Amino acid sequence: MSDNSTNSVVALLTGAAVGAVFGILYAPQSGKDTREQLREEAFKAKDKIGDQYDELSSQVTEYAHTARNNFENKVGKLFNKASDQADDILAGMEKELATLRKKNQELVKELDKLKG
């Protein structure tokens, strides 16, 4: 979830809480009823914020898990590709070494002919 979305949710909840408080304070009822209503609204706001937090936390956890899996997959593919390339390089070097050994044997035979 983006920072902009998070800020929007926080702003929405804050605005709703402030609006509810002002609405209750200016309502035509007794102080005891107003205090009780404020307490109830505070508990509702707390529960709503808790629910939003839990949802956001769950989304962040899911995003982190997905990002970690994607990263691990990409690293695994990179290592496999590097391993394959290393194998190809080693095979090429072994082939070149075999060619050089063969040429070396031919040169040794020619040298022996020249000596003898």
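What follows draws every value from the coordinates through simple rules; no lab data is involved. Only a predicted model underlies this, so the values are computations on that prediction, with no experimental measurement involved. Heads up, the Cβs are rebuilt from the backbone with ideal geometry, glycines too, and the neighbour counts pull from every protein chain shown.
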When N counts the residues of the stretch 42-87, how does its alpha-carbon radius of gyration compare numerically with 2.2 N^0.38 Å, as a ratio?
2.10
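As a footprinting exposure proxy, order Leu114, Leu97 by other Cβ within 10 Å, with the fewest listed first. Working shown, then result.
Numbers: Leu114 7, Leu97 10.
Taking fewest neighbouring Cβ atoms as first place, the list is Leu114, Leu97.
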If you stretched the chain out fully between Ala16 and Ile89, how much longer would it get, using 0.36 nm times the residue separation minus the C-alpha to C-alpha distance?
19.7 nm
Give the Rg (one decimal place) followed by the Dmax (whole number) of the chain, computed from C-alpha coordinates and expressed in Å.
37.5, 126
For Lys77, counting only lysines whose alpha-carbon sits under 30 Å away and dropping same-chain residues fewer than eight positions off, the answer is Lys95
Can you give me the angle between helix 31-115 and the longest principal axis of the chain, using Cα atoms only, in degrees from 0 to 90, rounded to the nearest 10?
0
